[in-house]
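Chemist: One structure, as structure tokens, below. Some questions next.
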Amino acid sequence: MLRSIAEYLNSGWIYWAVVVAYSVTVLSIVGIIVSENRNPLKSLAWITVLILFPVGGIILYIFFGRSIKNTHMISRRNKRRLKRSEAAPQQQVNPRSLTVENRQHAMLGRALTGAVLYEGNDVEVIIDGAEKMDKLIADINAAKQYVHIQYYIIDSDGMGNRLADALIAAAARGVKVRVIYDDIGSIHVSKRYHKRMREAGVEIYPFFRVAFPPFATRINWRNHRKVTVIDGLVGYIGGMNIADRYIDGGKNFASWRDTHLRVQGPAVAALQYSFAVDWNFMGNPLLEEEAGMGEPLSGGAAIQMITSGPTSPWSNVALMMLKAIGNAKKRIYIQTPYFLPTESLLRALQAAALARVDVRVMIPRRSDSNILTNASRSYIQECLRAGIKIYLYDAGMLHSKMMLVDDDFSTVGSTNFDFRSFEHNFEGNFFIYSPKINAQLRAHFHNDQAQSVRVSAAQWRHRPWWHKTRESIVRLLSPIL
């Protein structure tokens, strides 16, 4: 009898100790979230998760909720050394070559990241995965000094092995070949694929390698950039990764529609700078090969590269988009696979549409993520109410990340129009001040529009209630998706 009472008291003491410890932990995390002064929606989402999912909420926060803002990716000294290695002239904002609005955009980019404005660039817009891959392989085969490759996904399928063969051949003829892949984006790729390249002399490294348990918290901060630099003369940036599905749509889609840029000219120096910063951030030696040696092209596009990530004090790409939307007078066209706008971007788009700016947003009818498809749809009603035109792309998977404003501003890169890209991922976009490139992107948008269905406000209101419920539930988690 006495023994059973002692056991009860002992077990009761353990129970209350666990309750107190857990409560203190949750309150401490809530205190950290509040003290960081994050976006209120995001903070409330995390507090809701912690309350509704007692143990799982804490685990989710440890893996996905921490902040690394204001972490320096590269020292000031190394930053200066990289700038000195640029062969391209670093232009100040020229009021004679830009409109007032574009001059403001360029000045904002300079203030956010120190981004240089490079004039006189030859830009080729590529919307076909096979064409992009053919050009990339041809450029690698012609490389004489170095090849720098960075992708979120480098698969070990047909396209991945085709790339590996070209990189191995380049290394064999004495070209310096360096590769960065994202450890989570390429997590399913076999070690033998990477080993084959390493043994052939290719320097290949994962970004933010996730090793358990000490580095598990890195899982939330992924490098989503797609950057290539070849001999400092040719560069690539956009939305296409290295995998067969970016060519043919894979098993789940009839086709894959994306947007990528091939660039020659001074702006290649910006791609090299971005790659070199990430390379150095991983603990590798500073790269100081020259880039941007191509002669400025008369009448070529003026370009800034804006990088953004969880270490940045500002949401760089989001702020650049917000400024462009606010300056719009005629049109705003957006293509994105996932549409989860921040509160400020949603209100800016609504304000523009209410002011009779032609605002069009194109998303896939079905994306490669069911959760993000439903979360994206939860924003459609608010957009339609303001007069924003929503198009559902039906020809396959729409993976293009593009925005154009009026007649001479556009941006293409790796950034999706969603919380993850704006807040958690390392991203990179070209901001292009060029009527020619704007017109090309606009023509591609109109072609895609012919393969899309415009959403009717009346039909959308009367869709099944369970669709609305599902979308609303998923939306609650959109700030942390």
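The values are calculated or read from the model by the stated rules, or taken from the named source; none is laboratory data. Owing to the predicted nature of the structure, the values given are computational and were not obtained by experimental measurement. Using ideal geometry, Cβ is built from the backbone for each residue, glycine included, and neighbour counts are taken over all protein chains shown. Calculation scope for accessible area: heavy atoms of the full protein, side chains included, ligands and nucleic acids excluded. Shrake-Rupley method; radii C 1.70, N 1.55, O 1.52, S 1.80 Å.
Chemist: Taking region 103-119 as the region of interest, how many residues are in contact (Cβ under 8 Å) with a residue 12 or more places away in the chain, closer than 13 Å to residue 433 by Cα, of a type outside the set (Asp, Glu) and out of contact with any helix residue (DSSP H, G or I) (no Cβ under 9 Å at 6 or more places or on another chain)?
Modeler: The qualifying residues number 2.
Chemist: For a quick check of your reading of the model, give me the residue pairs whose first member lies in region 415-430 and is modelled with pLDDT under 95, whose second is in a strand (DSSP E or B), with beta-carbon atoms closer than 6 Å and at least 6 apart or on different chains.
Modeler: Once the first residue is modelled with pLDDT under 95 and sits in region 415-430, its partners that are in a strand (DSSP E or B) give 418/340; 419/340; 421/427; 426/223.
Chemist: Those residues that are over 16 Å from residue 341 (Cα atoms), assigned to a loop (DSSP other than H, G, I, E, B) and in contact with a strand residue (DSSP E or B) (Cβ under 8 Å, 6 or more places away or on another chain), I need them from region 315-329; list them, please.
Modeler: 328
Chemist: Working only within region 371-419, note down all residues that are of a type in the set (D, E, K, R) and farther than 14 Å from residue 239 by Cβ.
Modeler: 377, 382, 385, 389, 394, 406, 407, 408
Chemist: Then there's this: Based on what the data block shows, is residue 441 touching a Ser or Thr at 6+ places or on another chain (Cβ under 9 Å), assigned to a strand (DSSP E or B) and either open to solvent by less than 20 Å² (accessible area, probe 1.4 Å) or closer than 30 Å to residue 208 by Cα (or both)? Spell out the reasoning first.
Modeler: Values: touching a Ser or Thr at 6+ places or on another chain (Cβ under 9 Å): yes; assigned to a strand (DSSP E or B): no; either open to solvent by less than 20 Å² (accessible area, probe 1.4 Å) or closer than 30 Å to residue 208 by Cα (or both): yes.
When the stated conditions are applied, residue 441 does not pass them.
Chemist: Within region 387-401, is there a residue that is of a type in the set (Val, Ile, Thr), over 24 Å from residue 316 (Cα atoms) and at pLDDT 95 or above?
Modeler: Filtering region 387-401 down to residues of a type in the set (Val, Ile, Thr) leaves 388, 390.
Next cut, over 24 Å from residue 316 (Cα atoms) only: 388, 390.
Still in the list and also at pLDDT 95 or above: 388, 390.
Yes, because at least one residue in region 387-401 is of a type in the set (Val, Ile, Thr), over 24 Å from residue 316 (Cα atoms) and at pLDDT 95 or above.
Chemist: Here are some conditions: (1) among the charged types (D, E, K, R); (2) open to solvent by 50 Å² or more (accessible area, probe 1.4 Å); (3) outside any strand (DSSP E or B); (4) modelled with pLDDT of 95 or more. Residue 139 meets all but one. Which one does it not meet?
Modeler: (2)
Chemist: For residue 454, all conditions in the list (1) more than 18 Å from residue 324 (Cβ to Cβ); (2) open to solvent by less than 10 Å² (accessible area, probe 1.4 Å) hold save one; what is the number of the exception?
Modeler: That leaves (2) as the condition not met.
Chemist: Also: Exactly one condition in (1) surrounded by fewer than 17 Cβ atoms within 10 Å (Cβ to Cβ); (2) in contact with a Pro (Cβ under 7 Å, 6 or more places away or on another chain) is not met by residue 369; state its number.
Modeler: (2)
Chemist: Filter region 142-165 down to the residues that are more than 23 Å from the chain's Cα centre (by Cα) and open to solvent by less than 20 Å² (accessible area, probe 1.4 Å), then identify the one that is farthest from residue 291 (Cα to Cα).
Modeler: Filtering region 142-165 for residues that are more than 23 Å from the chain's Cα centre (by Cα) and open to solvent by less than 20 Å² (accessible area, probe 1.4 Å), the one farthest from residue 291 (Cα to Cα) comes out as 164.
Chemist: Which ones in region 166-192 are open to solvent by 10 Å² or more (accessible area, probe 1.4 Å), part of a helix (DSSP H, G or I) and in contact with a helix residue (DSSP H, G or I) (Cβ under 9 Å, 6 or more places away or on another chain)?
Modeler: 168, 169, 171
Chemist: From the list 356, 360, which one is on the phi > 0 side of the Ramachandran plot and surrounded by fewer than 23 Cβ atoms within 10 Å (Cβ to Cβ)?
Modeler: Exactly one residue qualifies, and that residue is 356.
Chemist: Identify the residue in region 295-317 that is among the small types (Gly, Ala, Ser), modelled with pLDDT under 90 and farther than 27 Å from residue 204 by Cβ and, among all such residues, is surrounded by the fewest Cβ atoms within 10 Å (Cβ to Cβ).
Modeler: Going through the qualifying residues, I end up with 298.
Chemist: A follow-up question, please. Any idea which residue in region 447-465 is farthest from the chain's Cα centre (by Cα), counting only those that are under 13 Å from residue 383 (Cα atoms) and part of a loop (DSSP other than H, G, I, E, B)?
Modeler: 456
Chemist: Check whether at least one residue in region 196-206 is more than 25 Å from residue 288 (Cα to Cα), open to solvent by 10 Å² or more (accessible area, probe 1.4 Å) and without any contact (Cβ under 8 Å) to a residue 24 or more places away in the chain, and report yes or no.
Modeler: no
Chemist: Test each condition in (1) open to solvent by 50 Å² or more (accessible area, probe 1.4 Å); (2) within 22 Å of the chain's Cα centre (by Cα); (3) not hydroxyl-bearing (Ser, Thr, Tyr) for residue 126 and report the one that comes out false.
Modeler: Of the numbered conditions (1) open to solvent by 50 Å² or more (accessible area, probe 1.4 Å); (2) within 22 Å of the chain's Cα centre (by Cα); (3) not hydroxyl-bearing (Ser, Thr, Tyr), the odd one out for residue 126 is (1).
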